[in-house]
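Worksheet: one structure, shown below.
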Amino acid sequence: MGKRILIVDDSSMMRKMITKVLTNRGGHTIVGEAKNGLEALEEYKRLQPELITMDITMGEMDGLSAARAILDHDSQANILFLSNLDKDKYGKDVASIGAIGFVNKHKSQDILDVIAAN
C-alpha cells in the first residue's frame, strides 16, 4: 500500500520527476509539495504526510534545518533526503538528524527501496 508523501525541492522539474517515480512506479500518493524548508514545515503541519522527501540546498530554509524543525514538531516524522550532493559530506548530518536515509535523487529504484523498507 502506498504512502502519503510530501515532496520538498526547490526545483519544479525535480518535484515533477520525483512525483512521477513515486506515483507511477511506487504507487504512492503525493499530498503536497514545497519549494523550501519554511513551506515544508507549514505543509507538514497541515497535511501530516507519512513521509517527506527533502532536498538539502534550498532558499529560505535549507533541508537540514527544515528536517530539524519538523522533527522538533513531530519526532515520529519520516524524512528521506534526496540530493545530488556528496553523501560522504552530508551523510553524517542526515544520520544525526534522524532521517530514514540519504539517496541520490536520480536513483529511482534506490528511492523506492528505502521507502518500501520504512
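At 222 nm, what value in deg cm²/dmol follows for the chain if DSSP H runs of at least 4 each add -39500 (n - 2.57) and the sum is divided by all its residues, to the nearest 500? Could the numbers behind the result be given before it?
Working: 5 runs with 52 residues, N = 118.
That comes out to -13000 deg cm²/dmol.
Given +1 at the Cβ of Lys and Arg, -1 at the Cβ of Asp and Glu and no other charges, the dipole of the chain around its Cα centre is 400 debye to the nearest 20. In terms of the Cα gyration tensor, with a ≥ b ≥ c the square roots of its eigenvalues, is segment 1-72 rounded because a/c is under 1.5, prolate because a/b exceeds b/c, or oblate? Oblate shape, in that a/c is at least 1.5 and b/c is the bigger or equal ratio.
Computed from the coordinates by the stated procedures, all read-outs in this text should not be read as laboratory data. The model shown is predicted, which means the values in this text are computed figures rather than measured ones. Every residue, glycine among them, receives a Cβ derived from its backbone with ideal geometry; neighbour counts consider all protein chains shown.
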